[in-house]
Amino acid sequence: MRHLMKKTLLAAAMTALALPALAQSVTLNAVTLAPRQASITNPFAMFVDEVNQRFEGRINIVWRGGPEVIPPFRQAEAVRNGSIDMAYTSPSYYGGLVPASPTMNLSFNDYNTIAATNYHERMTELHAEKGLVLLGEIPASELDFLIYLREPIESLDDLQGRRIRVFPTLLPLIQALGAEPIVLPMGEIFTGMERGTIDGFVQGPVGNHLQFEGIVQQVIYPGVYRAGFPVLVNPDVWAQVPEETQNELISFLRDDFAPRADTLWAEDLAQGVADMEAAGFQRLELTGEAEAAFRQLAMDSAWATIEASAGAEIAAELRPMME
C-alpha cells in the first residue's frame, strides 16, 4: 500500500511539474510585407498589441520586421517551411503556393459582407491543403488600387504598350488593357519610376504624394478590387497552441478585430486623395459606361486567371462569395 501511495504521489508531482510547461506562452515570430513605417502595416501593429495583451501568458507575437528580414514574395513559403512563424502579407504574393489566395482581393464588398458567406472557412481549408494555417485576414475593403502614370493619357486606350508595375492580382487587368505588366515589390517602385524603367504602377491611395511628387503626373479613377491582408501561421508552431486558445484567437481576429480594422481607413483614404491633389497629381475619372466596363474587365480578367490556376470548380465556388 505504501509503495502504491508513493507511486501515486510521484505521478501527481510529475503532473504538477508538467502543467506549467503546458501553460507556457507560445511565441510567434512574425514578418510583414512592408516595413514598420508603412501605413499598411499599422493595423498589424494594432493586432499584435491587442493579442499580446489579451492572450498574455498564452501567446506572444514578436514582430521581427518586414522585407529586410524576408523578401515579401518569399514570406508565405518561409511560414510553410518554418523559417518564420507568422506573416502578414498580400494574398497575391503567394498565388504560386495557394492558387486561390489572390481571390481575397477580388471583390468590391466590405469585410462583413464577405464574412457572412463561407469564404474564410473555405479559404482556411485550401490553405491547410498547402501546409499553411490561415488565421484570418486584416481587411482594408475601402482601400482599392489605382493606376499611377509618369505621363498623362486621355483614355485607357493610351495605356497600350506602357510598362506598368503590378502585384500579381493586377497582372491580368493590365495585360487586358494592352499594357506591359511588370511584377515588382513595393520597395522597388520609386527606383523604377525615377529611372524610367516603368511608366507607371498600381497601388493604393495612401502616402504616395510624399514619395512621388514631381514624378507621378496622373492617377486613373476609380480604383479596383479591395485590400485584405492574410495572417498566416506555421502549422507546427500552431500545434503548440492549445485548441481552446486556437479557437479563441481565430474568433478574436475574424469576429472582433477584422470588422473594426475594416473601418479604420476612411479618414486616411480621404486624406490620401487630398494630398495627391495638392501634390499636383492629375485625375483621369472614368464614368458611366467606361467605368462599368473597366470594373467588369478587372473582375473577368482576374477570375479567368484564378480559373486557370486554381481550377474552374474552385473559381466557380469562390466567385459568388465575393460578388
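The values are calculated or read from the model by the stated rules, or taken from the named source; none is laboratory data. All of these numbers come straight from a predicted model, not from anything done at the bench. We place every Cβ from the backbone using ideal geometry, glycine too, and count neighbours over all the protein chains shown. To get the accessible areas, we keep the full protein, side chains included, count just its heavy atoms, and leave off ligands, DNA and RNA. Shrake-Rupley method; radii C 1.70, N 1.55, O 1.52, S 1.80 Å.
Output the residue which, of all residues in the stretch 82-101 that are more than 19 Å from ARG122 (Cβ to Cβ) and among the aromatic types (Phe, Trp, Tyr), is surrounded by the most Cβ atoms within 10 Å (Cβ to Cβ). Looking at residues that are more than 19 Å from ARG122 (Cβ to Cβ) and among the aromatic types (Phe, Trp, Tyr), I get TYR88.
Residues that are assigned to a helix (DSSP H, G or I) and surrounded by fewer than 13 Cβ atoms within 10 Å (Cβ to Cβ) within the stretch 278-299 comprise ALA278, GLY288, GLU289, ALA290, ALA292, ALA293, GLN296, listed in sequence order.
Only residues that are among the polar types (S, T, N, Q), in contact (Cβ under 8 Å) with a residue 40 or more places away in the chain and open to solvent by 10 Å² or more (accessible area, probe 1.4 Å) were counted in the stretch 44-80, giving 0. Assess whether ILE198 counts as being crowded, with 21+ Cβ neighbours inside 10 Å and more than 20 Å from SER39 (Cα to Cα). Yes, satisfied. Any idea which residue in the stretch 146-169 is farthest from ILE198 (Cα to Cα), counting only those that are at pLDDT 95 or above and of a type in the set (A, V, I, L, M, F, W, C)? Ranking the candidates gives LEU156 first. Applying the condition of being on the phi > 0 side of the Ramachandran plot and touching a residue at least 24 places away in the same chain (Cβ under 8 Å) to the stretch 108-164 and asking which residue is least open to solvent (accessible area, probe 1.4 Å) yields GLY136.
For LEU269, the conditions (1) modelled with pLDDT under 95; (2) open to solvent by 60 Å² or more (accessible area, probe 1.4 Å) are fulfilled apart from (2). ASN29 passes every criterion in (1) modelled with pLDDT under 85; (2) closer than 26 Å to TRP238 by Cα; (3) of a type outside the set (Ser, Thr, Tyr) apart from (1). Counted as qualifying within the stretch 61-152 are the helices (runs of 4 or more DSSP H) with 2 or more residues that are under 14 Å from the mean Cα position of the chain (by Cα) and over 20 Å from ALA298 (Cα atoms), namely 75-81, 119-128. Taking each residue of the stretch 171-183 that is free of Cβ contacts under 8 Å to residues at least 24 places away in the same chain and looking for partners that are surrounded by 21 or more Cβ atoms within 10 Å (Cβ to Cβ) and among the hydroxyl-bearing types (Ser, Thr, Tyr) with beta-carbon atoms closer than 9 Å, six or more apart or interchain, yields nothing.
Please indicate, with yes or no, whether at least one residue in the stretch 36-43 is at pLDDT 95 or above, among the hydrophobic types (A, V, I, L, M, F, W, C) and either in contact with a strand residue (DSSP E or B) (Cβ under 8 Å, 6 or more places away or on another chain) or surrounded by 15 or more Cβ atoms within 10 Å (Cβ to Cβ) (or both). Among the residues of the stretch 36-43, not one is at pLDDT 95 or above, among the hydrophobic types (A, V, I, L, M, F, W, C) and either in contact with a strand residue (DSSP E or B) (Cβ under 8 Å, 6 or more places away or on another chain) or surrounded by 15 or more Cβ atoms within 10 Å (Cβ to Cβ) (or both), which makes the answer no. Mind checking whether some residue in the stretch 209-223 is surrounded by 18 or more Cβ atoms within 10 Å (Cβ to Cβ) and closer than 30 Å to ARG122 by Cβ? For the stretch 209-223, residues surrounded by 18 or more Cβ atoms within 10 Å (Cβ to Cβ) and closer than 30 Å to ARG122 by Cβ: present.
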